[in-house]
Each structure stands twice: as structure tokens, then as C-alpha cells.
Amino acid sequence: MRIIGGAGVLLEERLGTQRWLWWRGPQLDEARARWGARARSLEGPVAASELARWTRSRPELGARVRAHVAREWGPWAGRGAVEGALRRGSLVVVEVRAALSEGGHARIFELELPAPPGPATDDTPIDEGPGLAQAAPPPTQLRVLDRWHRPVEALTLALPSTPEAASDMGGGVALGSDEQGACSASLVTVEDARWAPEPAEDEAPQEPPEGIAVQTRTLRLSGASWEPEAAVALHLARMNWLVLERPVVERLVPAQARSDHGSGLSVPGPWTQLEGEDNPRHPLAPFVHGLRRLLDEPGAQLLVVGHASADGGAKANQALSEARAAGFRHLLEGAREAWVELARDHGSLRDVVAYLDYLGTRRAWTCVCEEPVAELSAKPSPASKATVSAFQSDYNQRFEASEALAVDGVCGGKTLGAVFDVLRDELARWLDKLGTHPDALPRERIVYLGHGAELAGQTKDGEASAHEDEAGDRAVEFLLYWGLAADVDEGLDAPAVYTSPVLRWREWALPDEPDEWTTGPFTIVSDLTPEEPALPETYRLEGDDGLLIERVLPDEGVVEAGELTLHYEALPTHLRYTLTVIAHSGNESVIFAGLRYGQLHPSAL
């Protein structure tokens, strides 16, 4: 137990977390300021309950705490003084996560070593027969390996008695306890570890030799530091393998959620058009597919990370990058007023006209801009005013609003709210195409971050970009992440995600959707196989608008993987469908009726 400035007492330090008992006052305020976000205070009955739980399992700790209170209050302090002081708030329990060391490294694991055997006593039987003296037991050894059971080099082992006991964990090390019989050690400097390149394919690891004790732990990132998943209890007098699982990050590509210079809005426009393509891509595509993946990957989080160009100051760029990520949050959560405020603060008239022109050219609205969007300025022009007026008229006809928009060509707050309504309608329709809806998504596993201009002028591989449009500037990236701590939304540090060598980066390509959310494919797999003699069957797919598609199997079937399939490339997603199978005899069987496109099969892809 250590007393800091006569005001705080360190109760324990375990798994990278310190627990302190502090008197309320200026010294506690100074300590909190020094610890910052790493500290969590427990006060009142909660603190009393937690301290009681700790001292019940460790009576010597309770005696020390009472002695500390007696030193402060005098010998008159009774048995209930500590609990009373905690309940009144005079005493406060503070939990502090371990800080990064000077080298930028964090403690990541605690290794629990078995206690050494105690010294011999008068009652200990001793066999003094010649040649029968017992040999020393083999040492406890440890090797740190990756998931393919290859050594992880340059990790450091810290024992209680020495700051560093081994500099190369890859070759293994023998462990022991210090003179006081302490039974813990820590792996540190995880950021300096040298990880072997991943195999071309995710091959299975080699089987460990017989007699090896194997334990697996996943590294987890919280804030800017690595925290332990759990302690590792080593087996005495054996070789121990500690297999470290590195978190995986999947980047959704291509990065098409781009914004105009200085804008916080992500809408289709010249800035989202990829080289060699005729039309701009929709920024919602990677968002909706990332959201759909969350339903299939219960252990993943979706990181929505905004970026900015190198122009402007660091504070402004950080605010802009956060706004770009927040725009997607507002759309998903239906925060209309918040999105309108964001559009006013970080958007421009050119953003709005670009999106309206997209509606005109891709969605059969009448709001086609007569002037190239790339040549428009942020100031109103006859072309922009005509485009806004056409949108206002279209919106009044297509959406049932409580108050119709004035068709005046002015892009005010109400018109911005209407733009939000259309964007969110597209989001809902796209999610419906994929078989889900906004309220069914695990929003607690979605994190929105701003990364400033850290990636400005760089390609995805970190190299300097030869052309501005190849850079990560002004983009919103969507990352699927496995291995974050539970309180991810409170303290995740974006630079730690992008710079840590611990992470395993992969790419996940977005599916090809030429018509975006308006159409999608559908495949029917028949139970007829080419080897079976069977009479033809007619498959009739009907839409509720009169759409009728009839195919015959096996005569018109496409043979794939030993099965007969019918593939529909582009079904309209706004319809409901009925599938009827007509046998050669004329008998009809309804397979399904009145299903939306998103209900035809789980992902409709």
C-alpha cells in the first residue's frame, strides 16, 4: 500500500487497473485531472459496496484501510468509519486504467504464476538416503505465438522484481517468482512485436506437441491502449503456449462515400464518381452493406470514420471529419433536425443541387440541373434555383408532409428537411432490399469517429498520393472490426486503429449493384438435377404490379454445381412477389405469395 501526498492510498493493481482510496479535496481533483479519461470514480453506497466486496476476500486489505483512516482521523475512528465516510462521500474509490509508457506501449496481459513451494519445516519429511535426493523440478516456460503457432518476436516480459525480464519472447523464457513470492508477470510492448506475414490463405495452425499447455487470448483495443481479455494462469513446470489472436479490420471498398471540398455532407456527386464510370456512386452503399454485415457477424463492430483533406487548420479538419461521420448517424437514427443543422453548418448549396440532379438522372424526378454540377458555385444561380424548385414540386407530390414546401427555389431549412426525408427513404428502401430495416440494427455496435486530416494525401497503403483524387481526403470509411473493448463508443481512439501494427487488415468488396437499391437479383434452385429424368415444370414469378416472368425447367434451366437454377438478374425491389410452380400435368403449387423483395431470401444477393 502506497500513500500519495497523504490523500490517496493504492488498494491494489491488477490487470492494468489500479484501485485507489482518496479523501475528497483538492488533491483528488488534481489526481483526476492528471489521470483524465483513464479514471472512473465510485462514490456513495456504490463505493462502500465495492470496497466491502474486496475486503471480504482480503482481510489484510481491510485492516490496512482502517489503519489509514485512523491515521487521518485519529485513534477514535470506529469500525464503521470507513463505510460511513464512503457513504457520505468523504472517501472516494477511484479506478485508473494503466497509462501508456514513455515508449507508447501498454500492459496487455497479466500472467499468473503458481506460488513457489514453501520452505521446509520440522514436520517436512526428508529422505537422506544416498542418491535419492529429489531433482529440481523443470522450469515453467512460456512461448508467445500467433494464431498459426509461429513465434511473436520482440515482446517483453515484465516480472515483479525487474522491469524487463526478457526482450525476445519468440524463443521462449523460463519464469519464476520474486523473493516475496509474488506470482504475476506482464507482457508489455505489444506495439513493438514483430508479427510474421499472414499466409496467403487462412490455413489451420500446426498441432502443438503432446504435453504443451495451450491458451488463447484475444488482444482488445480500448481507447488508445491495449487491455487484457483475461489473466493467463500458467501451468507449473511445463511449457506454456500463449496464442495471441490479433483483431481483424475489414475495409469496405471502394471508398465511394466522398464529400465535396469543405463539405460535411456525403451525397452522390462528381466527387463520388469513380474513374471510368458514367454515374456517381451512392455514399449509402457501403453504409447499408456494413449495417447488414452486423446482423451476420454478432462479434463485430462497424466503425464509420470521417476524414478530411490537408487544407485548413487541425481543429477545423477534426470538426469536419466528425461531421462527415455524424451525417450517417443522423440518417440511421432519423435525427432530422440534427441533420439539417449539420447541413447548414458544414454543407453547401452545391451539395444539395448535386443530390437533386442525381434524383433527376437516376430516379426519374424532374429536378435535373441544366448546368454541370462540377461548375456550380456555392452561390444561387438560375440553374440551381430551377433545380430546387423542381425538387420542391416533386417532393410535394411524392411525400405526404404535414406542410407542403413552398415552390420558390430557395434552399432553406424546410427544403433541407425534405432532402433528409428523401435520403432516409433511400436508406430504408436499401435496407429493405437486404432484408432488414433501421429499427432492427444493433446501433450499440456502430461507432462514429472523426480522424481529421491524418490520411490526407495518402493512398490506402500509406504511400504519398500522386493525384489528389487517389488520396483518402474527404472520405468516410466503413470498417468492420473484431476485437474492440465493450465500452468502445466512449474511448476508442481513431489514430490507434489506423496506426497500430497489431491489427490485421483485410478488404471486403461491395457487391455490384448497377441499379443500387431499385433492383436486385434473385435465384431459384430447383430440386431437379440433370441426372434425374423429369418432366418440365413451369415457374411463374408474378409481381403485384402485373409483372409476369415464366421460365421452364429443365429445358431452360442453367446447370450450376449439379443443380438446375433460374436466375433473375434485376427484379424491382418495390414490388411484392408470388411464385407458382406448374407441373407438366397442369397442377399448380404456390411456393410463396405476397413477399417483398427483401423477404425472398436472407440477403437477396
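The values are calculated or read from the model by the stated rules, or taken from the named source; none is laboratory data. None of the values given here were measured: they were computed from a predicted structure. Virtual Cβ from ideal backbone geometry, glycine too; neighbours counted across all protein chains shown. Remember, those area values only see protein heavy atoms, side chains included, never the ligands or the DNA or RNA. Shrake-Rupley method; radii C 1.70, N 1.55, O 1.52, S 1.80 Å.
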Original post:
Name the residues in the stretch 274-284 that are open to solvent by 10 Å² or more (accessible area, probe 1.4 Å) and either of a type in the set (A, V, I, L, M, F, W, C) or modelled with pLDDT under 90 (or both), would you?
Top reply: 274, 275, 276, 277, 278, 279
Original post:
Which residue out of 66, 40 is open to solvent by 50 Å² or more (accessible area, probe 1.4 Å), farther than 30 Å from residue 157 by Cα and either touching a Phe, Trp or Tyr at 6+ places or on another chain (Cβ under 8 Å) or at pLDDT 70 or above (or both)?
Top reply: 66
**OP:** Scan the stretch 305-339 residue by residue and report those that are farther than 23 Å from residue 249 by Cα and charged (D, E, K, R).
**Re:** 311, 315, 333, 336, 337
**OP:** Look through the stretch 382-423, keep the residues that are in a loop (DSSP other than H, G, I, E, B) and without any contact (Cβ under 8 Å) to a residue 12 or more places away in the chain, and return whichever of them is surrounded by the fewest Cβ atoms within 10 Å (Cβ to Cβ).
**Re:** 402
Subject >> Among residues of the stretch 308-340, those that are farther than 21 Å from residue 439 by Cα, assigned to a helix (DSSP H, G or I) and touching a Leu at 6+ places or on another chain (Cβ under 9 Å), counted >> reply: 5
**OP:** Examine the stretch 357-366 for a residue that is within 30 Å of residue 446 (Cα to Cα) and surrounded by fewer than 22 Cβ atoms within 10 Å (Cβ to Cβ), and state whether such a residue exists.
**Re:** yes
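Let's see how each residue does on (1) at pLDDT 90 or above; (2) at positive phi; (3) open to solvent by less than 80 Å² (accessible area, probe 1.4 Å):
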residue	(1), (2), (3)
549	no, no, yes
560	no, no, no
566	no, no, yes
587	yes, no, no
605	no, no, no
Original post:
Got a sec? Which strands (runs of 3 or more DSSP E) wholly within the stretch 123-227 have at least 2 residues that are at pLDDT 60 or above and among the small types (Gly, Ala, Ser)?
Top reply: 184-188
**OP:** Could you list, in sequence order, all residues of the stretch 339-367 that are more than 18 Å from residue 426 (Cβ to Cβ) and of a type in the set (A, V, I, L, M)?
**Re:** 349
Original post:
Which ones in the stretch 425-463 are at pLDDT 90 or above, open to solvent by 20 Å² or more (accessible area, probe 1.4 Å) and in a loop (DSSP other than H, G, I, E, B)?
Top reply: 437
Original post:
With 353, 305, 373 as the choices, which residue is under 14 Å from residue 260 (Cα atoms), touching a residue at least 60 places away in the same chain (Cβ under 8 Å), β-branched (Val, Ile, Thr) and open to solvent by less than 20 Å² (accessible area, probe 1.4 Å)?
Top reply: 373
